[in-house]
1. What helices (runs of 4 or more DSSP H) completely inside the stretch 126-220 contain at least 1 residues that are β-branched (Val, Ile, Thr) and open to solvent by less than 20 Å² (accessible area, probe 1.4 Å)?
2. Can you tell which of Asp194, Asp207, Asp190 is more than 21 Å from Val142 (Cα to Cα), without any contact (Cβ under 8 Å) to a residue 60 or more places away in the chain and either within 12 Å of the ligand (Cβ to nearest atom) or over 16 Å from the mean Cα position of the chain (by Cα) (or both)?
3. Would you check if there is a residue in the stretch 1-14 being among the β-branched types (Val, Ile, Thr) and modelled with pLDDT under 95?
4. Of the residues Leu174, Leu159, Leu184, Leu149, which single one is touching a helix residue (DSSP H, G or I) at 6+ places or on another chain (Cβ under 8 Å) and within 21 Å of Ala212 (Cβ to Cβ)?
5. Do you know which residues across the stretch 221-232 are near the ligand (Cβ under 8 Å from one of its atoms), open to solvent by less than 10 Å² (accessible area, probe 1.4 Å) and touching a Lys or Arg at 6+ places or on another chain (Cβ under 8 Å)?
6. On the basis of being within 9 Å of the ligand (Cβ to nearest atom) and either at positive phi or among the charged types (D, E, K, R) (or both), does Arg162 make the cut?
7. Would you mind finding the one in Ala150, Ala182 that is at pLDDT 95 or above and farther than 22 Å from Met205 by Cα?
8. More than 15 Å from the ligand (Cβ to nearest atom), within 16 Å of Gln129 (Cβ to Cβ) and not hydroxyl-bearing (Ser, Thr, Tyr): does that describe Ala150?
Amino acid sequence: MTSHTAKHSEHPDLAQRYAAIRQRLHELGGDGVRLLAVSKKKSAAEIAQLADLGQRAFGENYLQEALPKIVELGERKLEWHFIGRLQSNKCAEVAAHFDWCQSVDRMRLVNALASRRDPAQGPLQVLLQVNVDGEQGKGGAVPSEVVDLAGAVAAAPTLRLRGLMAIPEPSPDLRVREAAFARLAALFADLRSDHPQIDTLSMGMSDDYPTAIAQGSTMIRIGTALFGPRAR
Ligand SMILES: *Cc1c(COP(=O)(O)O)cnc(C)c1O
């Protein structure tokens, strides 16, 4: 307990930034928007500090970095979201240690996650990642693949389809991102007519979340604006 408290005083800005984002969300009419704290490159102590302030959901990109933190913080019953590029040989560990996977973008991953998730854990919550701006070399299914992927996730007893996620190209022109968010929101609305249970549209990061919320985001993924800049 004492070591805990000592560690907390190392990051006095965290509480302030957390309060500021929650306030901003409130001002934007986004009280119902979920805040995912993206904790890549951040320590278990910082995650613990945020958890003490009431934050439950954390996002990680790199499996080897995430696993020790998930184990160390295991007793806190946090909700872990895998948001990084995923390969099928990593699916067993994602299925075993995470509650959500937001970066599912091809059938191989659907099948691997579905077969590796232990039914006793309850279903893995799945978002399909969509490449909404056709940027080459980037993760994400093309929009025309989404219907088939969604059908496969919905049919797997160990998975639960929750919605869509996108990372628009980091254009300095916010209108370009706004258009990408609008395309994802339209795709989400279409998908919902076949899958009325879907409830999560994960879009918006530190520098564009107000725009994403205006376009219908239900979950924003915030790293830098919460934890400060990441070391490379
Ligand atoms: C790193 C990352 C974020 C957070 O980015 P910030 O700009 O630091 O808020 C959100 N989503 C994904 C998929 C990421 O990789």
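1. 146-155
2. Exactly one residue qualifies, and that residue is Asp207.
3. So far as the stretch 1-14 goes, yes, one or more of its residues are among the β-branched types (Val, Ile, Thr) and modelled with pLDDT under 95.
4. Just one listed residue meets the conditions, Leu174.
5. Residues satisfying the conditions are Gly223, Leu226.
6. Criteria not met by Arg162.
7. Within the list Ala150, Ala182, the selection yields Ala150.
8. For Ala150, the condition - more than 15 Å from the ligand (Cβ to nearest atom), within 16 Å of Gln129 (Cβ to Cβ) and not hydroxyl-bearing (Ser, Thr, Tyr) - is met.
The values are calculated or read from the model by the stated rules, or taken from the named source; none is laboratory data. Everything quoted here is computed from the prediction, not taken from an experiment. Every residue, glycine among them, receives a Cβ derived from its backbone with ideal geometry; neighbour counts consider all protein chains shown. The accessibility values were calculated without ligands, DNA or RNA, using every heavy atom of the protein model including side chains. Shrake-Rupley method; radii C 1.70, N 1.55, O 1.52, S 1.80 Å.
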